[in-house]
Structures are given as structure tokens and as C-alpha cells.
Amino acid sequence: MKKCFLLLFCAALCCLGCGFLKIGSAAPEFSNGIWVKGKSFSLASVKGRKMAVILFWKPDHAGALGMQNFSRLAHQRHLTDKIAFAAVAQGTLKSVGNFPLIRQLGNIPLLIDTENKNIPLFLRKENRLPMAVIVGKDGKLLWRGNPGRIAVMLNTIEKGKYDQKKVTGDDEFNAVFTGMIAKSDFKGALALIDKELDRPGINASELVSLQVGIHYRRLNSAENAVKAIYAAQKKFPGRPEFYEMELKMLELGHMEKRVPEFYHRLTAIFKNQPNVLLKFVAFELNKPFDKLNPASVYTVARAAANAGAYKNKREKGRAMLYYAQSLYCIGRVDLACKVVEKSLKYLKGEKEYKQARDLGGYYRKLVDFSSKIKE
């Protein structure tokens, strides 16, 4: 969850920026450069037949992440029948050619923009690579943003839910925001996000992640970052992702003393959503032993096991199984045995049944063996 939170902030910041090419305008053709993989590519060659997805990147760590998202889609046959994929790299023939992950592109056309003449046609100078664009069959720019969101946007377009006004609004916000960050106008950037959060259809999680990141990483205030998350929880009630952000921020800001109150609040808010609670149980159980908080594990697992709104028997059984593991975690193996036995009747015929059965057998062995120790 920590890694996801940090990646969310970094990815959100990378997607910001609006090029001089406006959404809905005709996309330009590629200029000078060296095509080094696949065949040379032109937007004119697919106009009227396919949409085009183009990745702009450079050979660094962020570029590797962007390439992974891009290449995963570009090699899906059901997409290549209706979408053309191409990549444009910023750098020299040597720096790009020696980049280890370049092989992930396979035969996807790759243009090395040695003179940096192509990237400015689609992006603005404030942009941070990697970036991606989607060009419609009519040759017009439909979208520009973080490569991690290509699939989401393609799905939106395919379902006929593409809203040019919303995309344009996002793009305009991104341009202003990027300019403020470039000038270190963090106060202005935070005010801009507050205003943007009132606009219909926005990605609230991404915006709040940016807000939190500015407070914590730019202004060195974990306290204000947590306050921003509290505001988001109030503005968008019932959204689990904002509680995930809070927990991560409490850890990053060394505010562990607030964690018990956090879990007390969490179990009250999501008392009828066991799957949400189990996500936090799994997070706690996966911590290394020196970070494990038995009280937190028990509190949330018990709430999930006693939730009153299960979708089916499997969900109830999974909750009981996690509760048994939490009891084992706090040293009550005797109670864990009883709870795991109860979970078996709910998990019969489900994939978790064997796990529960084996876990129950192990717990019984522990109880039996420990009773024989007389030291």
C-alpha cells in the first residue's frame, strides 16, 4: 500500500501538463528522427481506420514504468486490430539503444527523437516524460496523459463515454498546475486543486494524492497532508482509498500513535463492508514482524468477521479465516482453532477451503503440542 501510494503521487505528477496542441485539434505528423524498430509509422497511414496510441518517453526509471504499461497493451492482439501503437524516445541512438527494457517494445515502431522536434509537437516543455497520447480515427487528439491511464481512457472511448469537454478541462487544469509547480507556487497549486475538486467528473483520488504529495514532499508537513486527507474523507464519504492514504501518511509521518484511533474509526465507517476491512487486515498481516501491530490486526479482523452484510457464504468464510489468523497473531491459538473450524462450513466448495482446512490442522497441532510442554 505504501508503494502504491507513492507511485500514485509520482504517476499523477508525471501526467500533468498540457501541450500547445489542444484536445480536439488535428494531430501533427512526425518530423525528423530515426525509426529503429518495426516499420516507420505515420498517423496518415492509419487515419480513417484505426486510433493511434503514442508513448513519449526517455531511457530512465520513469520511462521504464511507462513502457511497461504501454507495451502490455500494445501486445494484446484484440487491441492491435483496431489501434495502432508507436513510441517516440527522447535521447540519442546509443542511450535509447542500450536501454535494457527496450526489448519490451518488440516490433512496435520506435522513433528516436534525436533533435527533439517531435515531442514538442504533442507536449509542452513543462511536461515530464513519460506521457502518452491517443489520436482518434479522424486524426484529432483525444487525450494526453500518464501511460498508466491509457487502458482506462481506451475503455471510456470504446464504451462511448468519451467527454471532450471533461478531457479538455482536465488538460487545462494540468497546464496551469504544471506551471505553478515549475515556479514552486505550491500555495497556488493547492488552491487550484481545491477548486478542481468541485468540478464534476474529476479523478478525486489522483487530485487528493497530488495535494497530499505537495504537503508532505514539497512543504515537509505530514500534519497538513493528513488534514488534506481528512477533508477528502468528508467531501467524498465512503471512499476506501482515502483511508488507505491516511494510514500510509500516518506511517510516513511517524504518527503511529494515531493508528488505534484510525482503526476504530475505520471499523465504524465500513462495518457493513467486510471486503474493505479485509483489505486492511491483509495489509497488516503482510507487515514484517517488527512493524506488525497485533491489536490493529485483531480489531479490524474481528469487525470484518462480525459484519452484518455479506454478499455470500464465501465472503463470510474469508472473513472468519482472516479472523482466525488474527487470533493466532495475538497468541490465542485455541480460539483460532474454533474460528477456523467455523469458516470451513462457509468455504465448502470454494478455493479457500483447503487453506482453511490446512490452517486448522496446523493450529490443532500447536495446541496439542503446547499442552504437553511442562517447563
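Sub-6 Å Cβ pairs linking a first residue in the stretch 177-194 that is closer than 17 Å to Ala228 by Cβ to a second residue that is of a type in the set (Phe, Trp, Tyr), at least 6 apart or interchain, are Ala189/Phe177; Leu192/Phe177, ordered by first then second residue. Residues in the stretch 47-78 that are open to solvent by less than 60 Å² (accessible area, probe 1.4 Å) and either among the β-branched types (Val, Ile, Thr) or part of a helix (DSSP H, G or I) (or both): Val53, Ile54, Ala62, Gly63, Ala64, Gly66, Met67, Asn69, Phe70, Ser71, Leu73, Ala74.
Scanning the stretch 29-46 for residues that are free of Cβ contacts under 8 Å to residues at least 24 places away in the same chain and either in contact with a Phe, Trp or Tyr (Cβ under 8 Å, 6 or more places away or on another chain) or crowded, with 16+ Cβ neighbours inside 10 Å (or both) yields a single hit, Ser42. Considering the conditions (1) of a type in the set (S, T, N, Q); (2) under 20 Å from Ile150 (Cα atoms); (3) touching a Leu at 6+ places or on another chain (Cβ under 8 Å), Ser31 is excluded by exactly one of them, (2). Listed by first and then second residue, the pairs linking a residue in the stretch 66-90 that is in contact (Cβ under 8 Å) with a residue 40 or more places away in the chain to a residue that is among the acidic types (Asp, Glu) and crowded, with 20+ Cβ neighbours inside 10 Å, with Cβ atoms under 8 Å apart and 6 or more places separating them unless they lie on different chains, are Val88/Asp113. Selection within the stretch 321-375: residues that are outside any helix (DSSP H, G or I) and of a type in the set (Val, Ile, Thr). The member of this set that is nearest to Pro294 (Cα to Cα) is Ile330.
For the stretch 278-296: of the residues being free of Cβ contacts under 8 Å to residues at least 40 places away in the same chain and open to solvent by less than 20 Å² (accessible area, probe 1.4 Å), which is nearest to the chain's Cα centre (by Cα)? Across the stretch 278-296, the extreme among qualifying residues is Phe280. When Ala231 is tested against the conditions (1) part of a loop (DSSP other than H, G, I, E, B); (2) under 23 Å from Arg258 (Cβ atoms); (3) among the hydrophobic types (A, V, I, L, M, F, W, C), the lone failure is (1).
The residue of the stretch 349-364 that is farthest from the chain's Cα centre (by Cα), among those that are charged (D, E, K, R) and surrounded by 12 or more Cβ atoms within 10 Å (Cβ to Cβ), is Arg364. Give the stretch 330-344 a look and list any residue that's open to solvent by 90 Å² or more (accessible area, probe 1.4 Å) and touching a helix residue (DSSP H, G or I) at 6+ places or on another chain (Cβ under 8 Å), or say none. Selection gives Lys342 alone. For the stretch 79-94, a residue qualifies if it is open to solvent by 50 Å² or more (accessible area, probe 1.4 Å) and more than 27 Å from Lys50 (Cβ to Cβ), and the qualifying residues are Thr92, Leu93, Lys94. Quick one: would you say Lys316 is free of Cβ contacts under 8 Å to residues at least 12 places away in the same chain and either surrounded by fewer than 15 Cβ atoms within 10 Å (Cβ to Cβ) or closer than 19 Å to Val281 by Cβ (or both)? Here the answer is no, as Lys316 does not meet what is asked.
Show me the helices (runs of 4 or more DSSP H) entirely contained within the stretch 145-215 in which 1 or more residues are open to solvent by 40 Å² or more (accessible area, probe 1.4 Å). Here the list reads 150-158, 164-182, 186-196.
Restricting attention to the stretch 236-258 and to residues that are of a type in the set (Lys, Arg), modelled with pLDDT of 95 or more and surrounded by fewer than 20 Cβ atoms within 10 Å (Cβ to Cβ), the residue that is nearest to Ile269 (Cα to Cα) turns out to be Arg239.
The values are calculated or read from the model by the stated rules, or taken from the named source; none is laboratory data. Remember, it's a predicted structure, so these values are computed and weren't measured experimentally. A quick note on method: Cβ atoms are made from the backbone with ideal geometry, for glycine too, and the neighbour counts reach across all protein chains shown. To get the accessible areas, we keep the full protein, side chains included, count just its heavy atoms, and leave off ligands, DNA and RNA. Shrake-Rupley method; radii C 1.70, N 1.55, O 1.52, S 1.80 Å.
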